[in-house]
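The values are calculated or read from the model by the stated rules, or taken from the named source; none is laboratory data. Since we're looking at a predicted model, the values are computed, not measured. Using ideal geometry, Cβ is built from the backbone for each residue, glycine included, and neighbour counts are taken over all protein chains shown. Each accessible area value is taken on the protein alone, full model and side chains, heavy atoms only, with ligands, DNA and RNA left out. Shrake-Rupley method; radii C 1.70, N 1.55, O 1.52, S 1.80 Å.
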Amino acid sequence: MMKKHLYNIYTLLIASLLVFTGACTDLDENVYSEIQKEKFFNDKTEVLQAALRPFTHLQAWLAPTGSSGYYYHSELSSDQVAWPQKGRHGYDGGDHFRQHYHTWTSNEGRMRGTWELMWTGVGYVNGAIEDISALKNPEEIGMSQEEVNSILAELYVLRAFHYIKLMDLWGNIPIVTVNAKSTPLNPETAPRSEVFAFIQSELETYVPQLPKYSGDLVGRTTQTAGYAMLAELYLNAEQWNGTAMWDECIAACDMIIDGQAGGLGGAPQLADNVLETFGNTNQMASENLYQIAYSRKGGFTFNWSGFYFGYGNMSEALNVGYSGWNAFVVVPTAFDAYAENDLRKEEWFLFGPQYIYGTQEPVLGTEEYNGEPLVYVNSIRRESEGDLSSVGSMAEGEENSGARFDKYKSGTLDDENYWENQYVIYRLTEIYFNKAEAIMRKNGGVATQQAVDLINATRERAFADTDWASAMYTTATLTMDELLAERGREFIFEGKRRTDLIRFGEFTTGSWWDKEPDGDPNKNLYPIPSNQIANNPNLKQNPGY
């Protein structure tokens, strides 16, 4: 029964892509412009296809699938992931250097693309809200008004999620709630406090109207997703709005932790190990709260290979059918942050000698180490040229520089569930961390036993029983600095690090690997792309640009 349901979700996602193609970068296009609205919806499936179209677009800028979107900027500007030049590969006009060293300008091509992708997503949501709201007499197509209202609540909450991420990157942005054809051509910038208040109002209004999460709603926006968004909003309120909202954050977390918002299996549960949530059978993973329902079998693959996989020689190491750009690597200081007995270090990374799957035959290099065994090292420097001691730099990488991503595992080509992984946007572990942090901040930055218990509950699975006594936290060892470090270890590769560093005051003042503090608080926001300022004189550039 569950497999049939999941197939139907994938079918709806793919159908929504097929029906509504060709509008990914045109903010002025009405996706239903050639169809009379009152005749478009013939049944509930078509309504759901319209509602899911914005969600399928979401993955283009949120997931690490090769697009220069939110994920790219969140990770490459932070202290865990970098895209260094590796010999003749990866310079790309210095784009990734400027992210790493915080020297970006308002004319970054990848930033322009991110702005366009994300605002196109807002346009899709607004169009769907407008068209579904215009649906009269839903009983004629086999729907109740309550079902229509529930779908509209999903869309309002999904739009708020877009605004959370837009506000996170740019702070001061327009608030556009109607379809592009009926909104002012040049909407004005709203201050971040006003954007925050808009998001808060939308979420607090519509999240309680969402359905509770269950196995029948995988790939949909439900209460667990909504309360996770509220928890994120409240946790960052002091940074984003100037007013702390720790109690509100705790309350939103409790709605999820206590099972009041539903969950897969009735209520969400922490995974027993560090693999379950990211494996190729993670569709029903116990701690999932919000996920993109990818499926290779359904023609909608979560393809992380471009950013996170090596060249074709690495395909034989994992016995997979994909290869990548040999792009993102782990920053050396981030890899060093894991204890040697931390199971996450063993399971979430590729490191050391690489062998052809199932053998002791080494994978061979193709660039600096052409014909030699490929060995991933925890450094980014020209070791093939004799540099075995310098810190290195973004310009000095080699084909084997840095530990590599292995958090999501596709399985091998002969695996029945090969590359069926879904991308998890929110999971229960994050809610435990958010609640613990809110408790500590409310307590002047000092851990209480409740905060320690929350973090230990998630950390324990990363250590063998024999190691746990020395690895567990106490109220003395769980400092705010340690909480940030543990957040990094737990959520590496999940697209959240920039936001965490900003909230902890480390984004512009901290140092990592070869990155020195830039000391410019204006870098906590990105500049509005210069071409958008040129096209819309009502947009105001962020300070410092």
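Lys and Arg at +1, Asp and Glu at -1: add these up for the other residues within a Cβ distance under 11 Å of Glu385 and post the number.
Working: positive: Arg381, Arg382; negative: Glu368, Glu383, Asp387, Glu396, Glu398.
Charge balance in the 11 Å sphere: -3.
As an exercise, use a Förster radius of 51 Å and the Cβ-Cβ distance of Asp43 and Asp453 to find the FRET efficiency, rounded to the nearest 0.05.
Values: r = 49 Å, r/R0 = 0.96.
Calculated value: 0.55.
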Inset, instruction - With everything on Cα atoms, drop me the angle between helix 192-206 and the longest principal axis of the chain, reported from 0 to 90° to the nearest 10. - result: 70 degrees
Legend entry - Among [x] 149; [y] 137; [z] 201, the entry that matches volume of the Cα convex hull per residue in Å³ as calculated here: [x]
Legend entry - With DNA, RNA and ligands ignored, accessible area of Asp79 (1.4 Å probe; Å², nearest 10): 30 Å²
Inset, instruction - Rounded to whole Hz and in sequence order, give me ³J(HN,Hα) for the range 76-89 from the Karplus expression 6.51 cos²θ - 1.76 cosθ + 1.60, θ = phi - 60°, writing x for Gly and Pro. - result: 6, 8, 10, 9, 10, 10, 9, 10, x, 5, 10, x, 7, 10
Inset, instruction - Treating the angle as unsigned and between 0 and 90°, give the value, to the nearest 10°, between the Cα long axis of helix 428-442 and the longest Cα principal axis of the chain. - result: 90 degrees
Legend entry - Computed FRET value (nearest 0.05) for Asp247 with Asp481, which takes r as the C-beta separation and R₀ as 22 Å: 0.40
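Which entries of Lys44/Lys409; Lys407/Lys540; Lys345/Lys523; Lys165/Lys407 have Cα-Cα distances beyond 29 Å here? All intermediate terms of the calculation are to be shown ahead of the outcome.
Numbers: Lys44/Lys409 35 Å; Lys407/Lys540 40 Å; Lys345/Lys523 31 Å; Lys165/Lys407 23 Å.
Pairs exceeding the cut-off: Lys44/Lys409; Lys407/Lys540; Lys345/Lys523.
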Inset, instruction - Could you pull out which residues in the range 516-534 have an amide N less than 16 Å from a spot 7 Å beyond the Cα of Gln239, following the Cα-Cβ vector? - result: 518-527
Legend entry - Highest average packing first - 403-409, 270-276, Cβ atoms within 10 Å: 403-409, 270-276
Legend entry - aspartates and glutamates with Cα under 15 Å of Lys297, excluding same-chain neighbours fewer than 8 positions away: Asp414, Asp415, Glu416, Glu420
Legend entry - Under 13 Å from the Cα of Lys515 - aspartates and glutamates, other chains or at least 8 residues apart: Asp79, Glu506
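Net charge within 14 Å of Leu210 by Cβ-Cβ distance, Lys/Arg positive one each and Asp/Glu negative one each, not counting Leu210 itself? Write out the running numbers ahead of the final one.
Working: positive: Arg159, Lys212, Arg220; negative: Glu146, Glu147, Glu154, Glu202, Glu204, Asp216.
Residues close to Leu210 contribute a combined charge of -3.
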Legend entry - On Cα atoms only, tilt of 109-133 relative to the major axis of the chain in degrees: 30 degrees
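When ranked by the protection proxy of mean other Cβ atoms within 10 Å per residue, highest first, what sequence do the peptides 292-304, 320-332, 46-58 form?
Values: 292-304: 19.5, 320-332: 21.4, 46-58: 23.8.
Final packing ranking: 46-58, 320-332, 292-304.
Tell me the net charge near Asp258. Cut-off is 15 Å between Cβ atoms, Asp258 excluded, with +1 for each Lys or Arg and -1 for each Asp or Glu. Spell out each step's value before the answer.
Details: positive: Lys212, Lys435; negative: Asp254, Glu287.
Neighbourhood net charge equals 0.
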